[in-house]
Structure formats: C-alpha cells, structure tokens
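Everything below concerns the one structure shown next.
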Amino acid sequence: MTTVDDVRELVREARAVTVLTGAGISTESGIPDFRGPNGVWTRDPDAEKLSDIRWYLSSREIRVKAWKARIEHPAWTAKPNAGHVALAALERAGRLHTLITQNVDGLHQLAGSSPERVVEIHGSVRDVECLSCGDRAPMEIALERVRGGEDDPPCKRCGGILKSATISFGQSLRDDDVERAQRAARECDLFMAVGTSLAVYPVAALPDVAMMHGAPLVIVNAEATPYDAQAHAVLRDPIGAILPSLVGA
Ligand code: NAD
C-alpha cells in the first residue's frame, strides 16, 4: 500500500507536477462544494438549474435567482486556505507545470499562484460576459446595478443577457483552455487531483491522459472517485491538513 511518506517522496522527486483542483479545495475557505455531503446541490437539487445555460436563457426567474446568488456568493469574502497556499509554494519551488482548476472563485490567484500558470477551465465569477455580444467586464459593476434595483441587468452595450463568466452546463469550454489543460496532462511527471469528484467531463478525462503518458496519479479527496482503483495513491485527509505536508510547504 502506498503511504503518505511515499506520496511525499513522489512529489519531492517530481519536476513538472500538474494539479487539477475542484470545489473541495475551497470548502475550508467557507465555499461549499456541489456534490459533497454539505454540497449546494446535495442540499437543494433545484439549485442545479442556476448552472444550466438552457434554464438561464429561457427563464427570467432563474436569472433573478442567479443574480441574488451572485450577490451572496461566499467568494467575495473568502480567503485562501492552507491548501491554496501549498500549491502556490509548489510553483515557487519551480515544480508546478500547470494548475488546472474547476473552481470559479479566484482563490488560487489570491493565494499567490501566477495567473499564467492557472487554467480556470470553468471560468470565473469575478467577471461577467454578455451572452449576445461577448462583452466582458468586472462582476462588481454588474453587482452594483443589482444592488441598485436591476434584478436582471442587461448588457449596456447591446441589451443582451449578462451572466457570470463561468461555464454553465450546456456551454462549451474555451478551446485554448482545453488545449492547455490537455498539454499539461500529457507533459507532467505527476498528476494530482485535489478536491474533485472527477464527475464533470471533459475535465474528468485529464487523469487518463496523464496516466497514458506515464505520469502517476495521486488523488486527494474525502470521498470516492471513479479513478480510485487506477490511482497510484488515494488520500482521504482534509486538503488543508495534508497538502502542505505533501508539497513540503
Ligand atoms: P464536487 O462538488 O463535485 O466535488 C468536491 C469533492 O471534494 C467531493 O468529493 C468532496 O468529498 C471533496 N471535499 C470537499 N471538501 C474537502 C476537504 N476539505 N478535503 C478533502 N476533500 C474534500 O466538485 P468538482 O469536482 O469541482 O465539480 C463541481 C463543479 O462546480 C466544478 O466544475 C466547479 O466549476 C463548480 N464549483 C466551484 C466552486 C468554487 O469555485 N469554489 C464551488 C462549487 C462548485
């Protein structure tokens, strides 16, 4: 059986680590995940509609709910935790190839990870995008309008529907982000999946790409994932406790 010490050694010897993070790395910062025991969707299955582009485009009611949820989003007050900080330290040590995150909260960059090393594969809640003309602007400007009484603020440029610059179900990922993520999976000498249920495709295919190119897979996640049987090691410890000791931060 692979022990924590074995994984620590693996990380120490690695020269190009690709890390894929999910909502689980931010729960210790007070941002709930979707599918964990206290996940947003576990508690309210209807909340899934807010992340579905078909509902968002067709229902004003859903958009109004989505703007309320954005106003109250925990990301505005959340601080990076020891897990985010450990990954920034891995980069400073010169051993991080790429940090691919499914998170939209921006906490990796706040912890000190360089924006050019991070692929925000599902976008960011810190910007808004017009679904008609593609205009992009800081989220805060739109939130000001919502606080001022516009419950579904339209694009100022073309009148189109505005949405956070995140990838909802039914929307395609950006080609250049997918290309960078796949390259990072192919080129790494260790792939770590941290705080993700590995349930959302195409991101969930990345561990397979890495393993096919010879990199061992280490999973750090409290619950089972579909990759556990193929992983070199699976650690169930809380991320904020185990990650700093794994990367020697
Ligand atoms: P997920 O909700 O499907 O899975 C999170 C996993 O993390 C769960 O298996 C849970 O057991 C584990 N986990 C939670 N806290 C942990 C901890 N402290 N230590 C160890 N394990 C822990 O998340 P996902 O795979 O990222 O997929 C959800 C999608 O939702 C993503 O695509 C993401 O875009 C989005 N999302 C983002 C945020 C965010 O930005 N913080 C929050 C919720 C959802």
Selection from Gly160, Ala78, Ala224 lying farthest towards where the dipole of the chain points positive, charges on Cβ: Gly160
C-alpha long axis of helix 82-92 to longest principal axis of the chain, angle in °: 70
Pair-distance profile P(r), taking every C-alpha pair of region 135-230, with 5 angstrom steps and integer %: 2, 11, 16, 16, 12, 10, 9, 10, 8, 4, 1
Positive-pole candidate from Ala233, Leu10, Ala142, dipole of the chain, charges at beta carbon: Ala142
Prolate/oblate/rounded call for the chain, Cα gyration tensor, a/c under 1.5 rounded: prolate
Candidates Thr196, Thr42, Thr77, ranked by Gaussian network fluctuation over the chain, Cα under 10 Å, top entry: Thr77
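Excluding Ser26 itself, calculate the net charge of residues whose Cβ lies under 9 Å from the Cβ of Ser26, where each Lys or Arg counts +1 and each Asp or Glu counts -1. Provide the component values of the computation, followed by the final result.
Numbers: positive: none; negative: Glu28, Asp33, Asp105.
Overall, the nearby charge balance is -3.
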Vicinal HN-Hα couplings computed from phi for region 126-134 (Karplus, 6.51 cos²θ - 1.76 cosθ + 1.60; Hz; Gly/Pro x): 7, 10, 10, 9, 7, 6, 9, 9, x
Reduced Cα scattering model of region 1-97, Debye log10 I(q)/I(0), q = 0.12 Å⁻¹: -0.59
C-alpha center-to-center spacing [region 96-149, region 158-176] in angstrom: 12
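Using the Kirkwood radius over C-alpha pairs as Rh, can you work out the diffusion coefficient of region 14-58 via Stokes-Einstein at 20 °C, viscosity 1.002 mPa s, in µm² per second? Don't jump to the answer; show the numbers that get you there.
Working: Rh = 12.4 Å.
This corresponds to a translational diffusion coefficient of 172 µm²/s.
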Table column - 3J(HN,Hα) (Hz), region 17-28, Karplus curve with 6.51, -1.76, 1.60, x for Gly and Pro: 8, 9, 10, 10, 10, x, 3, x, 6, 9, 5, 6
Computed label-point distance, nm, for sites Arg15 and Asp176 using a 7 Å Cα→Cβ extension: 2.9
GNM top mover of His122, His73, His84 - the chain, alpha-carbon springs below 10 Å: His73
Antiparallel DSSP beta bridges within the chain, as percent of all bridges there, nearest 5: 30
Sparse-neighbour loop sites [GluC sites (Glu not before Pro); region 126-211; at most 16 other C-beta within 10 Å; DSSP]: Glu150
CD proxy at 222 nm, helix term only [per DSSP H run n ≥ 4: -39500 (n - 2.57); per residue of the chain; nearest 500]: -9500 deg cm²/dmol
GNM result for the chain, Cα springs below 10 Å: residue of Gly24, Gly106, Gly39 fluctuating most strongly: Gly39
Unpartnered cysteines - no second Cys beta carbon under 4.7 Å - across the chain: Cys188
Amide H within-cut-off set for Thr21, under 5 Å, with H built and near neighbours excluded: Ile100, Thr101, Gln102, Val194
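Provide the net charge surrounding Ala86, with neighbours chosen by a C-beta distance below 15 Å and charges set as Lys +1, Arg +1, Asp -1, Glu -1. Don't jump to the answer; show the numbers that get you there.
Working: positive: Arg8, Arg12, Lys79, Arg92, Arg95, Arg117; negative: Glu28, Glu91, Asp237.
Summing Lys/Arg as +1 and Asp/Glu as -1 gives +3.
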Prolate/oblate/rounded call for region 68-183, Cα gyration tensor, a/c under 1.5 rounded: oblate
In sequence order, calculated HN-Hα J values of region 201-212 (Karplus, 6.51, -1.76, 1.60; Hz; x Gly/Pro): 8, x, 4, 5, 7, 4, x, 4, 4, 4, 5, 5
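Quick one: putting +1 on the C-beta of Lys and Arg, -1 on the C-beta of Asp and Glu, what dipole do you get for the chain around its Cα centre, in Debye to the nearest 20? The partial results should precede the final answer.
Numbers: 28 positive and 34 negative charges, 102 e Å.
Charge dipole, the chain, about its Cα centre: 500 debye, nearest 20.
Quick check for the chain: number of Lys pairs with alpha-carbon distance under 21 Å, counting only pairs 8 or more apart or on different chains? Mind dumping the intermediate values first?
Working: Lys49/Lys65; Lys49/Lys68; Lys49/Lys163; Lys65/Lys156; Lys65/Lys163; Lys68/Lys156; Lys68/Lys163.
Counting lysine pairs in the chain gives 7.
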Order of Ser245, Ser51 under a 10 Å beta carbon neighbour criterion, fewest first: Ser245, Ser51
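Got the relative contact order for the chain handy, in percent, Cα pairs under 8 Å and 6 or more residues apart?
Working: 447 pairs, mean separation 63.7, N = 249.
Computed over the chain, the figure is 26 percent.
Since every read-out is calculated from the coordinates, none of them should be taken as a lab result. Because the structure is a prediction, the values reported are computed rather than measured. Reconstructed Cβ throughout: ideal geometry from the backbone, glycine too, with neighbour counts over all protein chains shown.
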